[in-house]
Amino acid sequence: MIFAETERLYLRALTYPELPRMTDLLNDWDVVRWLAVVPFPYTMKDAGDFYTDMAACYARGAPELFILAQKTDDLLIGAVGLHPPRDVNPEPGEVEIGYWLARDYWGQGFMSEAAREALKIAFARPATRLVGATTALDNDASQNVLRKIGLRNMGEVPRDYGALRGDDTVLKWRITRDDYEKESAA
């Protein structure tokens, strides 16, 4: 099931046969060290549990995860997610964006391309009033992606949700529906 496409990518559903590849890609510390809730090492059991959760979202018609696959070969290279915020006190209508990309695909603009499309998906949903994210203070690559797609740095905040790794302080990012619509119209 393809949810969206860009010039080079499909944003589509995760399939069961892709779990070994996803497991291999997420067993790279340089990828996973930035992700607050992905276990490391990442096992086939982790992938299977995650797949079960995502399949339920797809079945409900409320996808939270979009696999990034190159159009040239439909090969999984990463993912972008739109999920309920982990904050203890989320704002009404808030959605959190998160993503990861396999190391071999870094520095080629894939994540900015995919995240921009995910933002369109988020704001096509009438209930979405704002899209937020958090990054580690030193995760420059992720911060660049968020800047490119229009999120604004709201400054340092204490992490108010449990994380498997990471600092207790993060940068908070956000874009409101009004700001998104103004930027899209420009």
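Taking the empirical scaling 2.2 N^0.38 Å for compact globular proteins as reference, the chain has a Cα radius of gyration ratio of 0.97. Structure remark: mean-square fluctuation, Gaussian network model of the chain, C-alpha springs under 10 Å; the largest value among VAL38, VAL170, VAL88 belongs to VAL88. Extending 7 Å from Cα along the Cβ direction at ASN89 and again at TYR16 yields two label points whose distance is 4.4 nm. The DSSP beta bridges internal to the chain are antiparallel in roughly 90% of cases.
Listed values for region 109-122 are Karplus-derived 3J(HN,Hα) couplings in whole Hz (6.51 cos²θ - 1.76 cosθ + 1.60, θ = phi - 60°), namely x, 4, 5, 4, 4, 6, 5, 4, 5, 5, 4, 4, 4, 4, and x replaces Gly and Pro. Helix content alone sets the calculated 222 nm mean residue ellipticity of the chain: runs of n ≥ 4 DSSP H residues at -39500 (n - 2.57) each, divided across all residues, give -9500 deg cm²/dmol.
Rounded to 0.05, the FRET efficiency of the ASP140 and ASN27 pair, given R0 = 22 Å and the Cβ-Cβ distance, is 0.40.
Working note: Karplus 6.51/-1.76/1.60 with θ = phi - 60° gives region 64-75 the couplings 10, 10, 10, 6, 9, 10, 5, 5, 5, 9, 6, 8 Hz, where Gly and Pro are set to x.
If R0 is taken as 30 Å, the Cβ-Cβ distance between GLN108 and ARG152 corresponds to a FRET efficiency of 0.75. Ignoring aspartates and glutamates fewer than eight residues from LYS148 along the same chain, the ones with Cα atoms less than 13 angstrom from its Cα are GLU113, GLU117, ASP140, GLU183.
Exposure proxy for ASP168, ASP24: other Cβ atoms within 10 Å of each Cβ, ordered fewest to most, give ASP168, ASP24. Per-residue 3J(HN,Hα) values for region 135-150, derived from phi via the Karplus relation 6.51 cos²θ - 1.76 cosθ + 1.60 with θ = phi - 60°, read 9, 4, 4, 9, 8, 4, 4, 5, 4, 5, 4, 4, 4, 4, 8, x Hz in sequence order (x marks Gly and Pro).
Here, each number is a calculation from the coordinates, and none is a lab measurement. If you're wondering where the values come from, they're calculated on a predicted model, not measured in any experiment. Please note: Cβ atoms are built from the backbone with ideal geometry, for glycine as well, and neighbour counts cover all protein chains shown.
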